[in-house]
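The values are calculated or read from the model by the stated rules, or taken from the named source; none is laboratory data. For clarity, every value in this text was computed on a predicted model and none was experimentally measured. Note that each Cβ is placed from the backbone with ideal geometry, even for glycine, and that neighbours are counted across all protein chains shown. The accessibility values were calculated without ligands, DNA or RNA, using every heavy atom of the protein model including side chains. Shrake-Rupley method; radii C 1.70, N 1.55, O 1.52, S 1.80 Å.
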Amino acid sequence: MPLLNKVATAVPGGLGGDTAAPSLSRLRSALTLFFALDGFLFAGWVVRIPAIKQQTGASSADLGLALLGVSAGAVVTMTLTGRLCRRFGSHPVTVVTAVLLSLSIALPALTGSPLALGLVLLVFGAAYGGINVAMNSAAVDLVAALRRPVMPGFHAAFSLGGMLGAGLGGLVAGSVSPTAHLLGLTLAGLLLTALGGPTLLRRPSPAPPESVAAPATGGRPAAAPGARVTVLVLGVIALCTAYGEGALADWGALHLEQDLHARPGVAAAGYAVFALTMTAGRLSGTALLERLGQTRTLVAGGATAAAGMLLGALAPSVWAALLGFAVTGLGLANIFPVAVARAGAIAGPSGVATASTLGYGGMLLGPPSIGLLADRFSLPAALTTVAVLAAGAALIGFATRDTATG
C-alpha cells in the first residue's frame, strides 16, 4: 500500500536526513520477511485446496461455505487487532499472529469433512486477518519514520512469497501428501518467525515525524465533511480488486485442474504466474504512478485485469488461461495500493484502516462467493465476476477522479 501522498521523501543531508538509520533498516528487513512469510504460507495453503476438497468429499458449495470460515475468522480478528496493537504494540502482535498462522496452516490437512474444514479455517482465518492488520500497522509507522514511500516493497514481498509458495506447492503437489506439505510449511513458518521476530520484539514501532514535531495547532488538518464518503468509495475500489485476488488464490488451481484438465503441478502454477506478474507490477508501481498518475493507473489497471480475467475464465486451453491469469495479476497489482494510499492522504491512519479492512474483506469474501456461484452455474462463469468487479473499480475510479484518486 504505497502511501505516496502521505509521506514526503526525506531531503538528503538535511537535519535528520539520515532517516534510514541502521535500526530502521533492520526493522524494514524484518517486516519485509513477515510480509513474504504471510504470502508464502497463504499460497502454500491455496494450491492444496483441490486435494483438500477431494479429501473431505466437499462439493463446490460445501467448499465455498467452508472457505467462509477464513472470512469469518479474519473479519472478527481485524476488528480486534487494532485495539491489540494500540495496547501491546504492532510488533509483538505481528510476531504472535505469525506463530498462530504457522501452526494453523497444518490443520486443514487433518480434517475429513466440510464441517471440520470450516471450523479449522476459522482459526486459520483469525491468524491471517490478525497478521495482516498488525504488520500493515507496523509498516505504516515505519513508512512515516523513514519519510519514504517504501510500502510497495512490502506488498511486493507478499506477492513474491506467494509466488514461491505456489511454485513449491506445484513441485510437490503430485508426490507429497497435503498433510506432509502443510506440516512442512508449519516448520518453515516457525523458523522464519524465529529469525525475524527478535528484531521486532526488541524495537518498538518508530514514532512518526509529526508526533515529534507537530504544529501547535494540532498536526494533521481536519478532514473535509465528505472525506468519510470518499474513503468508503476508495474502500469499495479496494474491495472490488481484492475480490479477484482472493478468488484466483482459492479457485484458480481448481479451475485449471477441473475445467481444463491440467495436471496438478500445472494447475498449481496458475497462482504462481498470477503472483509473479503482481510482484512485477508492484515493484514498478512507484514509477508507474509517477508517470501516469493515480487515476490513469487505476483505470488502466482495472481494464487490464478485466480483459485478463475474461481470458483466464473462458479460455478453452490451459496455456491461454495461464496467460489470462498473468494479465490479471499485472492489472490488479497497483489498484489496491492506489486506493489505500489516497485514503491515507485524505483521512490519515483511520482512512488507511477503513480502506484496508474493506479491501481485505473483498479478498476473503470472494472465494466463498465464487463457490456458491460455481455450484449454481459453473466455475468459469463464476470467475467472470472478477472481471466485472475489476471493470467496476475502473469506472468508479474514473467517475470519482476529482475527489477520490487525485
Quiz item: Can you name the residue in segment 191-202 that is in contact (Cβ under 8 Å) with a residue 40 or more places away in the chain and open to solvent by 60 Å² or more (accessible area, probe 1.4 Å) and, of all such residues, is nearest to residue 252 (Cα to Cα)?
Solution: 195
Quiz item: Looking at residue 306, is it under 19 Å from the mean Cα position of the chain (by Cα) and either aliphatic (A, V, I, L, M) or farther than 21 Å from residue 243 by Cβ (or both)?
Solution: yes
Quiz item: Is segment 207-225 home to any residue that is touching a helix residue (DSSP H, G or I) at 6+ places or on another chain (Cβ under 6 Å), hydrophobic (A, V, I, L, M, F, W, C) and modelled with pLDDT under 80?
Solution: yes
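Yes/no per residue for (1) under 25 Å from residue 302 (Cβ atoms); (2) in a helix (DSSP H, G or I); (3) not hydroxyl-bearing (Ser, Thr, Tyr):
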position	(1), (2), (3)
249	yes, yes, yes
267	no, yes, yes
277	yes, yes, no
286	yes, yes, no
289	yes, yes, yes
Self-check item: Unmet requirement for residue 271, which otherwise passes all of (1) within 20 Å of residue 67 (Cβ to Cβ); (2) at pLDDT 80 or above; (3) among the hydroxyl-bearing types (Ser, Thr, Tyr)
Solution: (2)
Quiz item: Does segment 111-134 hold any residues that are under 15 Å from residue 90 (Cβ atoms) and touching a Leu at 6+ places or on another chain (Cβ under 6 Å), and which are they?
Solution: 131
Exercise. Would you point out the residue of segment 152-178, among those that are among the hydroxyl-bearing types (Ser, Thr, Tyr) and more than 14 Å from residue 275 (Cα to Cα), that is least open to solvent (accessible area, probe 1.4 Å)?
Key: 177
Self-check item: residue 26 being within 24 Å of residue 188 (Cα to Cα), open to solvent by 60 Å² or more (accessible area, probe 1.4 Å) and either at pLDDT below 90 or not β-branched (Val, Ile, Thr) (or both)
Solution: yes
Quiz item: Among (1) over 19 Å from residue 267 (Cβ atoms); (2) open to solvent by less than 20 Å² (accessible area, probe 1.4 Å); (3) more than 21 Å from the chain's Cα centre (by Cα), which single condition is residue 181 missing?
Solution: (1)
Quiz item: Are any residues in segment 298-323 outside any helix (DSSP H, G or I) and open to solvent by 20 Å² or more (accessible area, probe 1.4 Å), and if so, which ones?
Solution: 316, 317
Exercise. Scan segment 349-368 and give yes if some residue there is assigned to a helix (DSSP H, G or I), touching a Pro at 6+ places or on another chain (Cβ under 9 Å) and open to solvent by less than 50 Å² (accessible area, probe 1.4 Å), otherwise no.
Key: no
Quiz item: Any idea how many residues of segment 61-100 are of a type in the set (S, T, N, Q) and either in contact with a Phe, Trp or Tyr (Cβ under 8 Å, 6 or more places away or on another chain) or open to solvent by 10 Å² or more (accessible area, probe 1.4 Å) (or both)?
Solution: 4
